[in-house]
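Okay, structure first, notes after.
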Amino acid sequence: MKLPPSPPLSSLLIAVLLAAAGWLAISAFIVPEVPADVAVSHDARFGHHAPVVLAQAGPHAGHSTPAGAPPAPAPAAAPQVDDAAPRGAAPANRALGAESQIGKGTVSSYAELDAQGELQAIGIVYSAGALESLPTDGSDFHHCFDKNGDGTVDRATECLHSYEYVLPLPDAVARRKDVPFKWALLNWNPHGHIPPGVYDTPHFDVHFYMEPIAKIFALRSGPCGPELMNCDQFAIAKRPVPANYIHPDFKDVDGVVPAMGNHLVDLTGPEFQKEPFTRSWIFGAYDGRIIFYEEMVAHRHLVQQPRSCAPIKQPKGWATAGFYPTVSCLRYDAATGETTVSMERFAFRPASAPER
């Protein structure tokens with residue numbers, strides 16, 4: 001049998017070069033193996049639930065997780081970082097939610113997303129002047145109870161001394177099923193609150209809620225606990241959260257408050273080690289569930305124009321799958337005069353069964 005003639009050497013060289021170029025083009029799209037020490041986050045380019053990864057110590061999105069790979073472990077708490085730390089791989093776009101008048105300005109809820117729609121931050125923004133001329137006494141008297149039963153309410157001793165502002169988040173995140181946070185409740189406390197010597201200084205409570213507004217405002221005032229809570233609801237609020245849903249440093253201190261819930265406090269915080277209170281992270285609970293995340297921050301600290309982030313101590317598990325923050329940030333913007341209190345560096349957490 002006669003064989004076909006051999007191709008000339010120049011043709012063979014061209015074929016080899018073309019094959020090599022093709023391999024380089026294909027390899028640019030090959031996804032490398034994902035390291036084990038990464039946290040899963042959201043990338044809107046591939047749909048709300050498509051996992052991409054964020055390195056524990058770095059802010060930039062990595063490569064997509066291989067199909068069928070198990071969920072990545074929760075990241076270790078990041079060290080405290082300053083405002084120079086990037087918020088994400090792409091510039092953030094801010095969407096504003098509800099707005100209220102406060103001081104000599106306004107306060108609004110907001111969300112920031114990158115150019116692909118990936119969640120970067122949820123927070124509140126104080127406009128220039130909002131931290132000035134705040135009420136220095138009294139309350140809006142929304143939560144009072146005649147504890148001694150004398151037929152009248154003593155506003156000095158039978159009311160919570162706080163001003164509250166309900167701030168629904170923008171639709172860009174509030175309507176997403178993979179983001180549990182739906183609205184913010186801001187409380188201005190002109191004289192602080194209990195415990196004395198710790199939080200009894202003018203400060204803000206910034207709550208980010210996962211439960212509907214109507215359910216939270218159904219938590220009524222009453223004679224129980226130091227914060228005048230309805231007794232039946234006080235007992236429900238103190239039902240323990242499963243151990244894997246809360247970091248072990250956070251303890252129940254009977255901080256059950258009407259129209260809020262129970263406050264689980266980190267007793268290892270510096271304010272409990274005889275240091276002045278500046279900021280503190282709190283988890284909120286009701287009926288054995290985590291219902292809000294909270295940043296408490298002293299007014300004197302906010303007016304000092306802070307620009308810093310702090311890690312949020314992470315639990316081992318989450319009752320509901322979704323995107324949860326890993327740091328909380330305070331930022332003053334010299335260009336606008338605005339100050340923000342935010343949750344950032346979100347990571348996707350799969351739901352896990354409770355541990356008792």
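How many residues does region 83-104 hold that are charged (D, E, K, R), out of contact with any strand residue (DSSP E or B) (no Cβ under 9 Å at 6 or more places or on another chain) and modelled with pLDDT under 95? Outline the logic, then answer.
Step one: list which residues in region 83-104 are charged (D, E, K, R), which gives 83, 87, 94, 99, 104.
From the residues that got through so far, the ones that are out of contact with any strand residue (DSSP E or B) (no Cβ under 9 Å at 6 or more places or on another chain) too are 104.
Still in the list and also modelled with pLDDT under 95: none.
Counting residues in region 83-104 that are charged (D, E, K, R), out of contact with any strand residue (DSSP E or B) (no Cβ under 9 Å at 6 or more places or on another chain) and modelled with pLDDT under 95 gives 0.
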State whether the residues of region 140-157 include one that is in contact with a Lys or Arg (Cβ under 7 Å, 6 or more places away or on another chain), open to solvent by 20 Å² or more (accessible area, probe 1.4 Å), free of Cβ contacts under 8 Å to residues at least 60 places away in the same chain and not small (Gly, Ala, Ser).
yes
Could you tell me whether region 283-297 includes any residue that is in a loop (DSSP other than H, G, I, E, B), closer than 26 Å to Thr336 by Cβ and either open to solvent by less than 40 Å² (accessible area, probe 1.4 Å) or modelled with pLDDT of 95 or more (or both)?
no
Check whether at least one residue in region 306-317 is surrounded by 20 or more Cβ atoms within 10 Å (Cβ to Cβ) and assigned to a strand (DSSP E or B), and report yes or no.
yes
Scope region 194-216; condition open to solvent by 10 Å² or more (accessible area, probe 1.4 Å), of a type in the set (A, V, I, L, M) and under 16 Å from Gly255 (Cα atoms); matching residues:
Ile194, Val198
Among (1) closer than 24 Å to Gly123 by Cβ; (2) touching a His at 6+ places or on another chain (Cβ under 9 Å); (3) in contact (Cβ under 8 Å) with a residue 40 or more places away in the chain, there is one condition His193 misses while meeting the rest; what is its number?
(3)
Only one of Lys238, Lys177 is open to solvent by 50 Å² or more (accessible area, probe 1.4 Å), free of Cβ contacts under 8 Å to residues at least 60 places away in the same chain and of a type in the set (D, E, K, R), namely Lys238
Going through His263, His247 one at a time, which residue ends up being within 16 Å of the chain's Cα centre (by Cα), assigned to a loop (DSSP other than H, G, I, E, B) and under 28 Å from Val125 (Cβ atoms)?
His247
Scan region 248-275 for residues that are at negative phi, open to solvent by 40 Å² or more (accessible area, probe 1.4 Å) and of a type outside the set (Asp, Glu) and jot them down.
Pro248, Lys251, Val253, Leu267, Thr268, Pro270, Phe272, Gln273
Those residues of region 178-210 which are more than 14 Å from the chain's Cα centre (by Cα) and among the charged types (D, E, K, R), in sequence order:
Asp200
Determine whether region 105-112 contains at least one residue that is modelled with pLDDT under 95 and part of a strand (DSSP E or B).
no
Hey, could you check region 150-175 for residues that are touching a strand residue (DSSP E or B) at 6+ places or on another chain (Cβ under 8 Å) and part of a loop (DSSP other than H, G, I, E, B) and say which is farthest from Tyr126 (Cα to Cα)?
Val153
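The values are calculated or read from the model by the stated rules, or taken from the named source; none is laboratory data. Worth saying up front: this structure is predicted, and the values here are computed from it rather than measured. All Cβ positions, glycine included, derive from the backbone under ideal geometry; neighbour counts span all protein chains shown. These accessible areas exclude ligands, DNA and RNA; they are computed on the full protein's heavy atoms, side chains included. Shrake-Rupley method; radii C 1.70, N 1.55, O 1.52, S 1.80 Å.
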